[in-house]
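To start, the structure under review is shown below, and the notes come after it.
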Amino acid sequence: MKYVDDDGKPLFPFGFGLSYTTIRYDHLVATPPAAGSHGDVAVTVDVTNTGSREGDEVAQLYLREDVTSVETPRKSLVGFSRIHLKPQETKTVSLRIPQDQLEIWNADGKWVVEPGNFTVWVGGSSEASLTTKFLLRP
């Protein structure tokens, strides 16, 4: 009766099991655009193959605005990059979040970007644990 007593978590998170090696994520940085501009949020992260085999990794970028005027998803996939890594190789992955991906449908029925604090996560699955925050100013 797993369907009755289940905790609701999937057996495997989105993106799980895509590699035959081990990967480490470090040095996550999210840089918001200048106040008042409509530029992208720049995100960089170092991805290292810590295993003994070559492998491909799909670095996944998730986002949440911490406080909004309406309810929003807990975490949304907003970008990804597939890279190939040799054993012990490190690559810096650069991702961009256009401001239109930060828009929410507000109570007035309009798409808006609400300024505030955002949390980003990066990792190889939806269970990504490396996180940082940035502040988007009007």
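Let me spell it out: the conditions are (1) closer than 13 Å to VAL41 by Cα; (2) touching a residue at least 60 places away in the same chain (Cβ under 8 Å), and ALA128 meets all of them except one. Which number is the exception? Just one mismatch for ALA128, condition (1).
Do the conditions hold for LEU77, that is, is it surrounded by 13 or more Cβ atoms within 10 Å (Cβ to Cβ) and over 19 Å from PHE14 (Cα atoms)?
On the way: surrounded by 13 or more Cβ atoms within 10 Å (Cβ to Cβ): yes; over 19 Å from PHE14 (Cα atoms): no.
Spelling it out, it is not the case that LEU77 is surrounded by 13 or more Cβ atoms within 10 Å (Cβ to Cβ) and over 19 Å from PHE14 (Cα atoms).
Tell me, which residue of the range 67-77 that is under 19 Å from the mean Cα position of the chain (by Cα) and touching a residue at least 40 places away in the same chain (Cβ under 8 Å) is farthest from VAL120 (Cα to Cα)? That would be THR68. Kindly establish whether VAL47 is more than 10 Å from the chain's Cα centre (by Cα) and surrounded by fewer than 16 Cβ atoms within 10 Å (Cβ to Cβ). No: the conditions fail for VAL47.
Can you find a residue in the range 52-62 that is hydrophobic (A, V, I, L, M, F, W, C), crowded, with 17+ Cβ neighbours inside 10 Å and assigned to a strand (DSSP E or B)? Write out each step before concluding.
So in the range 52-62, the residues hydrophobic (A, V, I, L, M, F, W, C) come out as 58-59, 61.
Filter again for crowded, with 17+ Cβ neighbours inside 10 Å, leaving 59, 61.
Still in the running and assigned to a strand (DSSP E or B): 59, 61.
Yes, because at least one residue in the range 52-62 is hydrophobic (A, V, I, L, M, F, W, C), crowded, with 17+ Cβ neighbours inside 10 Å and assigned to a strand (DSSP E or B).
When residues in the range 16-44 are screened for being of a type in the set (Asp, Glu), more than 14 Å from the chain's Cα centre (by Cα) and surrounded by fewer than 17 Cβ atoms within 10 Å (Cβ to Cβ), 0 of them pass.
Output the residues belonging to the range 98-122 that are touching a Leu at 6+ places or on another chain (Cβ under 9 Å), at negative phi, surrounded by 13 or more Cβ atoms within 10 Å (Cβ to Cβ) and in contact (Cβ under 8 Å) with a residue 24 or more places away in the chain.
Hits for the range 98-122 are GLN99, GLN101, LEU102, GLU114, PHE118, THR119, VAL120, TRP121, VAL122.
Filtering the range 110-137 to residues that are of a type in the set (Lys, Arg) and not in a loop (DSSP other than H, G, I, E, B) leaves only LYS133.
No value in this document is a laboratory result; all are computed from the given coordinates. Just so it is clear, the structure is predicted and the values come from calculations on it, not from any experiment. Neighbour counts run over all protein chains shown; Cβ positions are idealised from the backbone, glycine included.
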